[in-house]
Amino acid sequence: MNADVVREVFFWGVGAIMVIAALRVVTTQNVVHAALYLVGTLMGAAALYVLLLAEFVAWAQVLIYVGAVVVLMLFGLMLTRAPIGKANYDNSQRPLAAVVAAVLFGVMSWILIDAFSGTELELAGENAPRTQDIGAVIFSSYVWPFEIVSVLLLAALIGAVMIARRDEPEADKEVGS
Amino acid sequence: MFELNLSDWQILLVKLGLVLAIVPAITLVAGYAEHKVMAHLQHRLGPMYPGGFHGWATLLADGLKFIYKEDIIPAAADRKVFSLAPLAIFVPTVLTVLVLPLDETLVVEELDLGLFYLLAVSSISTIGMLMAGWSSSNKYALIGALRAAAQLIAYELPIVLSAAVAAMLAGTLSLNGIVEAQEWPFVLWPPGIGLIAFLVFFGAGVAELTRPPFDMPVAESEIITGAFTEYSGMRFIFSTFFPEVANMVIISGVATTLFLGGYQPIVPLGFLDAVPGLVWFTLKTAFMVFMLLWIRPTFPRLREDQLQKFAWKFLIPTSLVLILAAGAWVLYAPEGLK
């Protein structure tokens, strides 16, 4: 079987799954189902990264988005409100959201097509991206963005602890008794 | 990379078949061991009875019992999510086996990023737990699922961080590479760092398995097997027994690979090289599995807040310090010592 055909079939198959899952995320009446459909979209993105030989990004996508972000979303939903069956949390901003999504889609597509249209990458063999190279680049050329993101995440972490901690320090002692 | 021909597809199918055959087989062996070891440790007569000699038919009887049980889906449950949840727990478990090197060349798929792949794929099953707990429309199930998610997220961090220590010392994320980089006496070198990282990994591993003393998400005496309260028959087997036992073997295998020298002989004696690496790997993994079995009936269950404290206030800071120490060792240790 021709390798290119296999790749094409995979690409369009995964793409179709992603689009359907993404549409269901916004059309389903159940918030938990929406979060679960999101898993389908995110896993599809990971599969596309694998198809592009970007293994590191693919597994990072699975570990962070599927394993942590969606889990946190589900966790938050289930702690607050996640009824089984239909529960309509839609509000009057639905048309506005559709417009924003359409504009965002247009702008992103335009930027990507404008920047990379016609570019062909030969990824196989010698040119295959290696994790070592990614690591080397992050910690040399991109060390400043990396450090800034680190500080930002640290600030978010400390902020979360500050919000979550109890105000009165006495409360801790009472729990133990 | 994409030069596919018929033989590639055949190889893929054979590999897939092997994995799908071996994982249940290993799970059955480990499940059998669990029955017997716990029966001996607890002086229990039940598991020693079925079939006559040493109760050899216990597992068979257990399996038959579950096959014949009625498959119940509660009326108020979300049917689709309820039936998909066991799959979401079971499939990632099987997928993690793909990268474990059983011997120098005996690995289903040698990935450059083996360790990272393993950690990523194993994190998916948390979603399965949440799906099971929510879709059951049962308070106990929901509490169990939330406990499970909180626990799995909390203990994912020490696992990833202590595995990162092993990767830093080896200088690679490939599991084969990590095994090759280890030299006798494996976990004891570099002094302290290896052993503490191993203990952190193992402790967090027990919690990831939600086995006692960290079994609050399935605590049968308070929340009746948590997320799986409403599951019965084969669905129950595929969502609890099977993934738990298979994950027990996998965690043991990963600990063996990362810290205990994988398929290398236990002591560096020349004549031991004749023994196949698979034997060493199996022996070490079996030893780790036995430790896990031993822990289960030995320790009482912790409290939920103690569990969270143990992860966030002890294991995670410890593993962060370990990463600093490992980095310092890699950079500054004298050449002769490494």
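The values are calculated or read from the model by the stated rules, or taken from the named source; none is laboratory data. Just so you know, these numbers come straight off a predicted model, no measurement behind them. Virtual Cβ from ideal backbone geometry, glycine too; neighbours counted across all protein chains shown. Quick note on the areas: whole protein, heavy atoms, side chains included, nothing else; ligands and nucleic acids left out. Shrake-Rupley method; radii C 1.70, N 1.55, O 1.52, S 1.80 Å.
One table, with the values for the structure above:
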quantity: Helix runs (DSSP H) in chain B reaching 20 Å along axis by Cα, Kyte-Doolittle at least -0.5; calculated: B:6-42, B:79-96, B:139-170, B:193-208, B:242-259, B:277-298, B:316-332
quantity: For residues of B:123-132, the mean tally of beta carbons on other chains within 10 Å; calculated: 5
quantity: Prolate/oblate/rounded label for the protein assembly as shown (Cα gyration tensor, a/c 1.5); calculated: rounded
quantity: Percent RCO, i.e. relative contact order, over chain B, from Cα pairs under 8 Å lying at least 6 residues apart; calculated: 23 percent
quantity: Computed over the stretch A:36-77, Kirkwood Rh from alpha-carbon pairs, angstrom; calculated: 10.2 Å
quantity: The stretch A:17-113 pair-distance distribution - Cα-Cα, 10 Å bins, rounded %; calculated: 15, 35, 38, 12, 0
quantity: Over the stretch B:2-74, equivalent-ellipsoid semi-axes from the Cα gyration tensor in Å; calculated: 37, 18, 10
quantity: Contact order relative to length of the stretch A:1-85, as percent, for alpha carbon pairs under 8 angstrom and 6 or more apart; calculated: 28 percent
quantity: Three semi-axes of the equivalent ellipsoid, chain B, Cα gyration tensor, whole Å, largest first; calculated: 33, 24, 22
quantity: Inter-part distance where the stretch B:8-33 and the stretch A:24-79 are each reduced to a Cα centre, Å; calculated: 28 Å
quantity: Accessible surface buried upon B-A contact (total; probe 1.4 Å; Å², nearest 100); calculated: 2900 Å²
quantity: Two-decimal Rg to Rh for the stretch B:184-338 - Kirkwood Rh, Cα set; calculated: 1.05
quantity: Shape of the stretch B:115-252, Cα gyration tensor, a/c cut at 1.5; calculated: prolate
quantity: Accessible area expressed per residue, the stretch B:15-332, with surrounding protein chains retained (probe 1.4 Å, Å²); calculated: 45 Å²
quantity: For the protein assembly as shown, with +1 on Lys and Arg beta carbons and -1 on Asp and Glu, the positive-most of B:T96, B:G133, A:I20 along the dipole; calculated: B:G133
quantity: Accessible-area value, B:M291, 1.4 Å probe, nucleic acids and ligands omitted, Å²; calculated: 60 Å²
quantity: Whole-percent carbon and sulfur share, accessible surface of the stretch B:116-232, 1.4 Å; calculated: 68 percent
